[in-house]
Structures are given as C-alpha cells and as structure tokens.
Number of protein chains: 2
Amino acid sequence: MSKQSAYDQLIERSKHWKCLESISALLEWDQETVMPPAGSDYRGEQKAALAEEIYKLKASKEVGALLKDLFDAKRGVTDEITNPDQRVIVERIAQDYDELIKLPIELVKKKSSLTSHAVSKWAQAKKEGKFSIFAPQLKELFDLAREEAEHLGYEKSPYDALLNQYDHGLTSEKVAALFNPLRESLSPFIETLSARECPLIDFGPNSFSEPEQIKLCKELLQKMGLCPTRHNFHTTNHPFCLSICPNDVRPTSHFLTDNLLGGVLAACHEGGHALYEANLNTKFRGTPLCEFASLSIHESQSLFWENCIGTSRPFWEHLYPQLKEQFKTPFEAISLDQFYAHIVKVCPSTIRIYADRVTYPLHIVLRFELEKMLIEKEIETEDLPALWDEKMQSYLGITPPNISEGVLQDIHWSAGLIGYFPTYTLGLLYATQLFDTFTRKFPDWETQVAAGNWAFINEWLKETIHTHGRRFDSDALITHATGTAPSANYYLNYIKTHYNL
Amino acid sequence: MSKQSAYDQLIERSKHWKCLESISALLEWDQETVMPPAGSDYRGEQKAALAEEIYKLKASKEVGALLKDLFDAKRGVTDEITNPDQRVIVERIAQDYDELIKLPIELVKKKSSLTSHAVSKWAQAKKEGKFSIFAPQLKELFDLAREEAEHLGYEKSPYDALLNQYDHGLTSEKVAALFNPLRESLSPFIETLSARECPLIDFGPNSFSEPEQIKLCKELLQKMGLCPTRHNFHTTNHPFCLSICPNDVRPTSHFLTDNLLGGVLAACHEGGHALYEANLNTKFRGTPLCEFASLSIHESQSLFWENCIGTSRPFWEHLYPQLKEQFKTPFEAISLDQFYAHIVKVCPSTIRIYADRVTYPLHIVLRFELEKMLIEKEIETEDLPALWDEKMQSYLGITPPNISEGVLQDIHWSAGLIGYFPTYTLGLLYATQLFDTFTRKFPDWETQVAAGNWAFINEWLKETIHTHGRRFDSDALITHATGTAPSANYYLNYIKTHYNL
C-alpha cells in the first residue's frame, strides 16, 4: 500500500470516529438542556455504549498499522507524505493514539466506574459538610491518577503527564513559571482593591425577566458573530457550550431574575467558546486541524470575550441604553458609572465560581499547588482540608466558613479531572496576552466596541487562533499570535492599568 | 457453551445495539426540533456513521453463531431454554436477524443513497408540479423495492415481503380482506355526509396564541397519563413522537394561530404514541419484549386517543369550558354543539393529511392498490398520475387540481417507504375494534371522560396492548385484546353509529 493510500485510509477512519464523537457531544448537550430528568440513567448507558464503540475504532489494530506505516525509523512522519498539513494531521492522530493505547482498558473502566460513584459521594459530602464521606474515594482517585501518570509517562513529574491530557506539551515547571508571579503580585493588589469603596447594587428579585434576558443574549451572540442558522441557545443550570460541528454550535446560559450580569457574562463567555468552534476550518473536517488546540486555548477565547471585551467600559457604553430601554425600572436611578463600578468590583470570595477576574487566578494557583503536591506524594489527601484553608487565608485573606465552601466546593476531582484546573488560569493569561496584541493592532477598538461594531474582533480571533486548529501546541500558538512566549506580565499589567494600581 | 450462557450473551448484545439505536432516535428528534438548520448535512453523516456501527453489531457473525446455537434442527428455539419469555425473545431477535442478513449490504447502501437523492427530486417535482422530474427516481425506487422483496422472500406476492417489514406476518390478502369492505361501504357514506349542512367555523388569524396552545397541550398530555418527569414536549413542522427509552419519550405538535384543533388533536395523537412507549415493560429493556408490536399497532394507539377519545363529544365537554376561559374571544359566540359539529364534519379533500376519519381510509386504500399493482408489475410508474386521479374520483368523488396535490403529495415513496401506507388504516381499524371492547368494558366511559378522569383509559391500554411488547404479531395481539380477529366491521359500525347512518 502506498503511503498516500495509508494516509487516505487513516483520514477516512478519523472522520468516522470524529463523527461518532460529535454524537457524544449531542448526548451531553441534550442531557443538560432538554432531556426529561427520568432519562438520566439510560443516558449514562447510552454514553457508555457509544464510548465503547468509539474506543474500539480509535484503538484498533488497523489504526496502529496505518500509523506505523506512516512513520519512519526515526519516529518522524515519512518523507513520502509531503503536504505539510497532512504531516501535522498524522502527527496529531499519532499523538492521540499513543496516549489512548498507553492506558490499559481496565484502568479506563475502573476510572469510569470509580468516578460515577465518587461524584455522588462528593455531592453527599458537600451537602452534609463532611469530608470523611468523600475521603476514601478522593484517595482512590489520586492513587488512580498516579497510576495513570505512570502509564502515560513523563520526564520530571508524574503531574506533567496529567497536565498533558488537557494541554499537550504542558509541564508543571511551565505552569509554575506562569503562576508564581500571580501568587506574588496579586495578593497585595487584592488587599488594595478590596479596601476601595464601591457599594454593590442590589437590584432585588424579579428585576430581570428570563425571556427578556434570553432575548438580550441572543442579540448579543449574533452581534459577537454567531450566525443564527448555525447555532442555538438554551438555558441550563451550569452554563456551557458544546459543538456538534462548526455549523451547529450550542452555547447556553443560566439566568437569575435578580442578577442580570451573571447570565449576560456567561452568554458572552460561552459565545466565545462557540465562535472558536464555529470558525474551525471545515476544509479539514474530521481531522485534528479542525479541532481546538487545547483546553487552555479554548478558555482564552471565552475569557477574551467575557473579560477583555465583556467587562470593558465601551462594551457597557454600547449596551447600557438598551438595558435601560428593555428593563426600565431597575436602571432608573443608576448611572452607567455606578453600574460599571458594580461590574468591575473586586471582592474576594471563598467560592471559585463567584470570584472576579482579579481574585480568580489565586483560586487556581491554590488548586494547582495542592494537586501537584498530592500527585508527587508530598502530602496526603487527608491533609487537604487544613492546607486548603491555610492557603486560602494566605492568598486571599479569607477562610471558608465550612468545608462545603472549602475543599469540597468543586466537582472536578470527583469526576476524575486532575490536572484540569490550571487550564482556567492559563486561558486567562493567554486571553490578556492576546488582548495586548489586539489593542495595539486596533488602537480605536474602544470606539468600535462602544459603537456596537464587533465583527472585527471575531475576524481577528478567527485568523489569529481559530483557523489553525490543532496545528500548534498552546505555547507555540500564543507565541505565533502575539510574537512572545506566554507570560504572566500581560495579565498583571492589564489589572494594574485597569484598576490604576 | 451452555444454551443459557448463549442466551445471556445474545441479550447482552441486544441491549448494546438497542442502546445505540436509541441514540439514532435522539439524532432524529433533535434534527426535527432544536437543531440549527445549518447542522443538517452533518446530521446526515452522523446518522449514517451510527447506522454503520449498529449494522455491524446486529449482523455480526457472533450473533449468527449464538442464534444458531439457540435453535434446534427443526428450526425451533432449543428446548433447553425453558422460560417462555426468553423463548419469545430469541424468536424475535432471530426474526430481525434473518431479515437483516437477507438484504445484501450493497442493496442497503444503494437504497440509502437513492432515497437521499430521490427525496430532493420529489420535493422539486412537487414544487414545480412536474411528475417528469421525479419519474426516473420513482421507477428506480419501485425496481429496487422489487429487488428487496426477492431477497426477503415471500409466498404469494412480492408486495407481502414489503408489508412484512413494517408489520410482521401481514400479507396483501389480509390487507385486501380488511380494506375491500371500506372501499365498498365508505363511498356512499361520504356522499351522504358531505351533503349534510355544517358550516365550518372560521376563527380568523391570531385567535389562538402558540404559548397558550402549548400550555393547553402540556396539561392534556399529563391528563392522558404522561408523567412530567418522563417526557418533554416541543413544537415542530410535522408532528411526530420519538422515544429514547420508556423514561424519556418525546411527543411533539405543530401549532397554527387560526386553528386550535390541528395542534390539539396532533398532541393527542402523538401523546397516544408516547404512552405506548412509556408503558413498555422495562423489565425486558433491551429486548423485543420492550419494543412496540408493529407500526400498525403503534398507529392504533395514537388513533385510539385522537379519534376514539379526542373526537368524542365527552372529551370536548370536558375541555370546552377551559377553552372558553383560556382563549376567550374566539369562543364567545360559539356553542359546544356548533364547535363539536365543526370538529366532526366530513368533507373530502384531495390531500391525505387534511382528511377526516371517514375519508382518510380511502386515501390509504388507493395507495395500497397502486403500490401492490406496481410491485406486481400490473402497472408501471408512468401510469400513476392518471390512475391516481381516476381512483380519487371514484372513491372520494373529487379530482386533484394539480399533480402536486395528487400523486406527488406524499414524501413516503421518495424515502423508500413502500408497503408502509397500509399501517395507517390498519391502525384505525384496530383502534376502533379496541374501542368497541373498551366501551363494553367501561359502560360509563363517557361520564368519566367528560369529568376529566382519563387514567383508566391509559391503564386499560397499558394492560391490553403496551405491556406485551412484541410478544404477538398485530393479528394475534388484536385477537388477544378483543376476542375476535381483526375486522373492518368495528370501524364501519363506529362510523354508522357516530353519524347516524
């Protein structure tokens, strides 16, 4: 068989399993939006049944043989494949295949059964405020993660193997180099900012009807660049975005009638994720060049829209007249200045998901440090509750009132997501670094955004990030887009400038 | 391997492919309700990719070997399987397997590619009113159906093989025995009924807001017996119902603001389908005993609710005060008598989907006769337009004004559904036969329905039909439920009584 024919066969297979994977995404979306609640048990079985078929296809001997055929003795893609896009595609498929077959299927199954049990134990522990209920599963989960790391392989720390699952090429050294400056610089900022006076506005219940908020967000998503025939928009408990294909992306949001900001900024955030997926290059559909680069790059796209644009003053200058018109009473006695001060107020919370953009990174730094120490066996899971509170006090100056708002607050570990948290803050750093390049390229961006002309933002992100798919790792992509390697400075400068620090 | 272990392995496999099939149902439901329109091309690929995997699983050598193991030399289920439920399950799985492997995969693929092309040709032909645009595909479709019939096998007519795909055990002789009395008796009824005076009520545009109609239908579905946590309800262009599992069934409807009846009766119809699926016996989940018996039995359940209950006078006696309350103005000057006369008015239409319960069967008789003659090569596809109009004039006394409202009106043939139409009218005959038993068992049914107590209807249908799954063929099930073999008399008597003929 010619190498080109091996390549074609590989792509045929890749298209097929990607197509089935997109069905898994639909199962997930449906479950979180429109599925009747009683359907949930069977939904679990459907997801497992489909995952089994996808695994068989991706880890098949035939795929292994095709890949072997496409690599030379020096473990590089064979010279006979000359098209550079095809070479990248083969590399990425091989990367996924290697990662997949390194994990024994028994371990994958063990993890799946452990996490489905652990999630309910975690929920119970959080509800009852008792760490002991979840402690045995938490220990097992970290033991299993260490085992996973051994199978996956690493150079320096087993934690690197876990990070790599969400962001290929990432190491704990790289993360630490980006996170340490945050820990050092942010705490004093937060002290200063928390002390500044700015009474938060209490709009009271029933100020913002859900249908009106939905209407507003639909217009917002369209203005951001989402084509109405290519996406839908639903409400859900925890906002998320899933993509079925670039022509069918599905951002969601959650609305409260006493809080306009949460729903709108969540829609903005999920809209950023949606645009990334919608702008992927369909010329390469079914291959890694029509996939997102990494979870942290994905998060950079949502945070670019949510933080850099959605919490900028020109954004609200544009939106405010419409809000006054649409919702009337709640805004009657409130000026844009007052409302904007309310939006950008810095106020440490013990709960990560309630954190603002200045305090948020320290929640992640804390989790990163604890995860790394656990995986490297410097500490044990039973040390977590005390260490958590200690670090929280040291970084944010506050202590959780109880364990449910402390170490038990997040679902992630119970779901087996260890090494995942750093992507949130890496995304924030990348977003602000991209924003720095963006503001230099478009010096009149504030005028444009205030005038409601947002198309150029989407165009720029599409050309700078989206269109590359998985061609580059996060580091390389950010360097390519901004001219410099990832750094925490852009974020720190952004905060300093924004808050006159 | 013991026979019991072969049985267990077969069930394991059946559960797995049924689970994947339920995902296909979700792909379909999503496409027709909430999917962004641009997602449709990729949805086609998703359906094909999943169908490919399901086919591989169902037609696998392993399934063939297990079945072989479970049957004895006399082609009966082995005596070593003693549990009667298990014996039926094995029989039904073998029946499906035989049918599946009889069709060469090339033919299945050819049909799939032909129909996807033919549907768009049909749509164009209907739009432009030109039979010639669709004629070549129509000929190919009937040629292919004949080829299918040869592979599937039959005793007397190749058309029997096609009927069997939708209703196992059905023959054209049986259908003709049920349909001939309709053709003979209905035409004179229709002549009499059309002559009776009853001005239809024109409610005018915007009389019935969609949200209010949705609210009404949701209450209706709940009153019929659908549990709110186990179903959802969406609007769509062409009402349908799909089931993901008995805990997740999804009836839909379509609403017009000038016509309350269409949306409400469609919801009632789809609710009947939904209750069948919701009431299947989950003890047998993943096996044929947790599947519907046949398409015609399915239709009997929707038509029992739509026709026998939903167009009964006590049903509207119950609903009318609520309608007056909810929609106000349109009903101000209209009495229940007037409204009910409007509901049950008989008025021949050239369009099947606009037909009432008296004229509808003749639309099907016409299609059945034409399909049978085509498959048996008594006529050619080019003879269809003239024959269609001739039969329409003879059975209903009307002639289509153009070919788009004549032979081109239905999508079915272009989608490869040949032998499907009869199930609609068989369903109606079964529904009225069941209704006859029902009214004798519950002599006070009218009082109960008028009082809004409908739970006993659902309970009776569950116990009489739903709980049996695919244990019986349609004939046997109706005989079991009513004490007599299927007959057209119940329907004809029902019409005679209802309309004082």
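The values are calculated or read from the model by the stated rules, or taken from the named source; none is laboratory data. The shown structure was predicted, so the numbers you read here are calculated from the model rather than taken from an experiment. As a convention, Cβ positions derive from the backbone with ideal geometry for all residues, glycine included, and neighbour counts pool all protein chains shown. Surface accessibility is based on the protein's heavy atoms, side chains included, excluding ligands, DNA and RNA. Shrake-Rupley method; radii C 1.70, N 1.55, O 1.52, S 1.80 Å.
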When residue B:46 is run through (1) within 8 Å of chain A (Cβ to nearest Cβ); (2) among the polar types (S, T, N, Q); (3) in contact with a Lys or Arg (Cβ under 6 Å, 6 or more places away or on another chain), the failure sits at (3)
Give me the pairs: first residue in region B:216-236 and without any contact (Cβ under 8 Å) to a residue 24 or more places away in the chain, second residue among the charged types (D, E, K, R) and open to solvent by less than 40 Å² (accessible area, probe 1.4 Å), beta-carbon distance under 7 Å, and six or more apart or on different chains, which are they?
B:232/B:250
Give the residues of region A:380-432 that are of a type in the set (Asp, Glu), open to solvent by 40 Å² or more (accessible area, probe 1.4 Å) and within 21 Å of residue A:179 (Cβ to Cβ), sorted by residue number.
A:383, A:389, A:390
Any idea how many residues of region A:244-263 are more than 10 Å from chain B (Cβ to nearest Cβ) and surrounded by 24 or more Cβ atoms within 10 Å (Cβ to Cβ)?
2
Yes/no for residue A:32 being more than 8 Å from chain B (Cβ to nearest Cβ), closer than 20 Å to residue B:42 by Cα, open to solvent by 50 Å² or more (accessible area, probe 1.4 Å) and under 32 Å from the mean Cα position of the chain (by Cα)
no
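Would you pick out the residues in region B:1-12 that are under 23 Å from residue B:95 (Cβ atoms), among the hydroxyl-bearing types (Ser, Thr, Tyr) and either within 11 Å of another protein chain (Cβ to nearest Cβ) or open to solvent by 20 Å² or more (accessible area, probe 1.4 Å) (or both)?
Matches in region B:1-12: B:5 only.
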Of (1) surrounded by 21 or more Cβ atoms within 10 Å (Cβ to Cβ); (2) farther than 21 Å from residue B:348 by Cβ, residue B:455 satisfies all except one. Which?
(1)
Could you check, for region A:235-242, whether at least one of its residues is within 14 Å of chain B (Cβ to nearest Cβ) and over 22 Å from residue A:297 (Cα atoms)?
yes
Pair list, Cβ under 9 Å, 6 or more apart: region A:107-124 residue without any contact (Cβ under 8 Å) to a residue 12 or more places away in the chain, other residue among the basic types (Lys, Arg) and open to solvent by 70 Å² or more (accessible area, probe 1.4 Å):
A:124/A:130
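Identify all residues within region A:460-470 that are touching a residue at least 60 places away in the same chain (Cβ under 8 Å) and open to solvent by 10 Å² or more (accessible area, probe 1.4 Å); write none if there are none.
A:462, A:467, A:468, A:470
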So residue A:78 passes all but one of these: (1) open to solvent by less than 20 Å² (accessible area, probe 1.4 Å); (2) within 14 Å of chain B (Cβ to nearest Cβ); (3) among the polar types (S, T, N, Q). Which condition number does it fail?
(2)
Name the pairs: first residue in region B:339-359 and over 26 Å from residue B:322 (Cβ atoms) and free of Cβ contacts under 8 Å to residues at least 60 places away in the same chain, second residue of a type in the set (A, V, I, L, M, F, W, C) and crowded, with 18+ Cβ neighbours inside 10 Å, Cβ to Cβ under 8 Å, at least 6 apart or on different chains?
B:349/B:355; B:350/B:392; B:350/B:396; B:352/B:364
Answer with yes or no whether residue A:201 is in contact with a Phe, Trp or Tyr (Cβ under 9 Å, 6 or more places away or on another chain), modelled with pLDDT under 95 and either on the phi > 0 side of the Ramachandran plot or in a helix (DSSP H, G or I) (or both).
no
Any chance residue B:61 is more than 10 Å from chain A (Cβ to nearest Cβ) and of a type outside the set (Val, Ile, Thr):
yes
For region B:280-289, indicate whether the set of residues that are modelled with pLDDT of 95 or more, part of a loop (DSSP other than H, G, I, E, B), more than 14 Å from chain A (Cβ to nearest Cβ) and open to solvent by 40 Å² or more (accessible area, probe 1.4 Å) is non-empty.
yes
Considering region A:294-352 alone, what residues qualify as being of a type in the set (Gly, Ala, Ser) and either surrounded by fewer than 18 Cβ atoms within 10 Å (Cβ to Cβ) or in a helix (DSSP H, G or I) (or both)?
A:296, A:300, A:302, A:333, A:335, A:341, A:349
Within region B:13-28, can you find the residues that are within 15 Å of residue B:248 (Cα to Cα), open to solvent by less than 30 Å² (accessible area, probe 1.4 Å) and either more than 9 Å from chain A (Cβ to nearest Cβ) or modelled with pLDDT under 95 (or both)?
B:25
Residue by residue through region B:229-278, note down the ones that are of a type in the set (Val, Ile, Thr) and outside any strand (DSSP E or B).
B:229, B:236, B:257, B:264
